[in-house]
Structures are given as C-alpha cells and as structure tokens.
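Report on the structure given below.
The values are calculated or read from the model by the stated rules, or taken from the named source; none is laboratory data. Nothing here was measured: the structure is a model prediction, and the numbers come from that model. A quick note on method: Cβ atoms are made from the backbone with ideal geometry, for glycine too, and the neighbour counts reach across all protein chains shown. Accessible surface areas use protein heavy atoms only, side chains included; no ligands, DNA or RNA. Shrake-Rupley method; radii C 1.70, N 1.55, O 1.52, S 1.80 Å.
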Amino acid sequence: MATFISRNLLWLALSFSIGCFTLAFQQGWNLELAVLAATVVTLITAITIERWLPYRADWNQPLDDRATDLTSAAVLIAVIDPLLKLLGPLAVVGLYGAFGWQPGESPVAQLPLVVQILLASLLIEFGRYWSHRFHHVVPALWHLHAMHHSSRRLYTINVMRFHPLNYTLNFVIGALPVMLVGFSAEALISYLAISQPVLMLQHANIDLRSGWLNYLFSSNELHRWHHSRESALANTNFGNAIVLWDQMFGTFRYEPDARWPADHVGLFANSRGYPQSAGYLRQLCVSLGCQRSALE
Ligand SMILES: [Zn+2]
Ligand SMILES: [Zn+2]
C-alpha cells in the first residue's frame, strides 16, 4: 500500500482535479468550486498521509512554526486572494474599457479552449518562474521571500507561508498579464486545476517517488532541493507547478537517490539572522526592513 501511494499519489491527485474540472465544464457547474473541492480533498489527503508515510519522521514534529504557517495561510486565503480576484478582473475591464474593446473579443479568446489552456499555463508559469528567480537574486525581494525559506522542515501546510507582497508580485507577474491579454476564464481556471494538486503535495512530508512526472511537475522531490540551505542547490527548480522553464533555463535539478543531511532545509548562510522561529507579524515586519540587519 505504501509503495502504491508513493508512486501514484501525484498523478492520482492530478487526474482527480482535472476530472473534476472536466465534469463541471460538461455539466455547466461552477468551475472554481469544482477545482476548490478537488484542492481541499488533496490537501486533506496529504495531511493525513504524511502522518503515517513521512519522508522524514522528525519533520512531523512542530518547530514553533505551525501558528506562523496557519496564520500566513489564513491571511492569503481570506484577505489577499479575494483582493487579487477582485482587482485582477477590474484591471482587465479598465484596460479594455480605455481602448473601447470587449474582453471576449480578444483574439486569444477565439482560440480553441485546449490551445488556450496550453498557452495560458505556459505563460503563467513563465511569469511565475521569473518572479521566483528575481525573488532569489534581488536583495529587496529576497527579504520578502526569506519568509518562505525560513521553514526548517517541509510539511503540507507551509506551502502557504508567503509574505503577502511576495504573493501579490507572483500574481502581478504571473497571472495578471495572461488575464490582460484576454484568455477566457475557463482557460485560467483550468490552469488552477493543473497547478493546485501539485502545490498541495509540493511541501508534503510524504516519501513520494513520482518517477517521470518529476520531469514535468514541480513535485516535492524537486522542491526539497529548492529549500536547501546551500544557495547553489536552492537556486534550482523555480517553477510554480511545472518545470518546463527550469529545463529551458538550466535550473532543473532532480536526483532521485540523493541522501540529505539532517539540517538540509532552511535559510542560506547570509540570511540566518532572519527570525526563523518568530511569529507571523515579526517575520512580516523584518521582511519589510524593520530589522534589516537581521538579513545582511
Ligand atoms: Zn524560493
Ligand atoms: Zn517552498
């Protein structure tokens, strides 16, 4: 049973999410709700499985981080996400209104849905790739992104530990341009159907062995490299859910049989003054420069 889950959970989660989207599309149901339902099922499944099939048993022990991770998730889900969902379409309406266009008249909206899904997914991932890479090399952006890398263990919930500004910039550079170009809402939601199951498993403390899927999707096997304390290892696998752009730009890293030292995960040497064990508000504050010396 453990071997079956280890080898198959990623593609089962992907199939379930895409299946829910397809069924909702055919039946005329609410597509966002269908993707949300599949996301919640994958999230609960991941949290349950990591208790009895952990990649590292010690990563199931809290390190004064659970409250910070849960607070960050609550802020992003309850405040930042709804705001972006409101402001994104408003930006589209404003832009198209200024030129006297109708959003549905955009040339890309006339493309077959499958082509739109493919193009929208690649473009969003392109923006997310460069947003993430810039957050690693531009000091002011790294101060924001350090919050995500301050985790000293990887488990399902800390996929949502992001500074709100980091999260917003990811949206502005990744999804917003694709919305402005005029891709249909169905194409944008289908990207979520593909990316959400990957993200729900990306930090999961589960010993997944997803094989060839690691060459396509940013699995937890790849993302562990990204959370290394060694910057040369961490500056790899920037893709959000897909690793095509990592393959193209030479930052893809996959070593199926690699062995990790116990303290592999955490901040780089030049950022270890960052308050890794601090609460959410203090981390927010430090990322914004309240105690800049902690990061230099
Ligand atoms: Zn990163
Ligand atoms: Zn991460």
**Study point:** LEU144, sole failed condition from (1) within 15 Å of ligand 2 (Cβ to nearest atom); (2) over 22 Å from THR251 (Cβ atoms); (3) in contact with a helix residue (DSSP H, G or I) (Cβ under 7 Å, 6 or more places away or on another chain)
**Key:** (2)
**Study point:** Extreme residue, farthest from LEU53 (Cα to Cα), among residues of region 206-221 that are open to solvent by 10 Å² or more (accessible area, probe 1.4 Å) and outside any loop (DSSP other than H, G, I, E, B)
**Key:** TYR215
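Can you tell me which residue within region 122-143, out of those that are out of contact with any strand residue (DSSP E or B) (no Cβ under 7 Å at 6 or more places or on another chain) and either farther than 23 Å from LEU288 by Cβ or polar (S, T, N, Q) (or both), is surrounded by the most Cβ atoms within 10 Å (Cβ to Cβ)? Explain how you work it out, then say what you get.
Step one: of region 122-143, the residues out of contact with any strand residue (DSSP E or B) (no Cβ under 7 Å at 6 or more places or on another chain) are 122-124, 126-143.
Still in the running and either farther than 23 Å from LEU288 by Cβ or polar (S, T, N, Q) (or both): 122-124, 126-127, 129, 131.
On the way: LEU122: 14, LEU123: 18, ILE124: 28, PHE126: 20, GLY127: 20, TYR129: 23, SER131: 20.
That would be ILE124.
Going by the structure shown, is PHE25 of a type in the set (Phe, Trp, Tyr) and within 19 Å of the chain's Cα centre (by Cα)?
For PHE25, the condition - of a type in the set (Phe, Trp, Tyr) and within 19 Å of the chain's Cα centre (by Cα) - is not met.
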Revision key, fill the gap. Residue pairs qualifying under the 9 Å Cβ cut-off, at least six apart or on distinct chains, with the first in region 144-163 being free of Cβ contacts under 8 Å to residues at least 60 places away in the same chain and open to solvent by 10 Å² or more (accessible area, probe 1.4 Å) and the second being in a loop (DSSP other than H, G, I, E, B) and more than 11 Å from ligand 1 (Cβ to nearest atom), are VAL159/HIS203; VAL159/ALA204
Check your understanding: Across region 187-205, which residue is farthest from ligand 2 (Cβ to nearest atom) among those that are within 25 Å of TRP52 (Cα to Cα) and surrounded by fewer than 23 Cβ atoms within 10 Å (Cβ to Cβ)?
Key -> GLN196
Check your understanding: Out of all the residues in region 146-158, which are over 11 Å from ASN205 (Cβ atoms) and more than 12 Å from ligand 1 (Cβ to nearest atom)?
Key -> ARG152
Exercise for review: State which residue pairs qualify: first residue open to solvent by less than 50 Å² (accessible area, probe 1.4 Å) and in a helix (DSSP H, G or I) and inside region 268-287, second residue modelled with pLDDT of 85 or more and among the aliphatic types (A, V, I, L, M) in any location, beta carbons under 7 Å apart, and separation of 6 or more residues or different chains.
Suggested key: SER271/ALA146; GLN283/MET147; SER287/LEU144; SER287/ALA146; SER287/MET147
**Study point:** Test set (1) in a helix (DSSP H, G or I); (2) modelled with pLDDT of 95 or more - PHE252 fails condition number
**Key:** (1)
Practice item. Tell me, yes or no, whether region 228-235 has at least one residue that is under 25 Å from GLU32 (Cβ atoms), free of Cβ contacts under 8 Å to residues at least 60 places away in the same chain and within 12 Å of ligand 1 (Cβ to nearest atom). Key: no
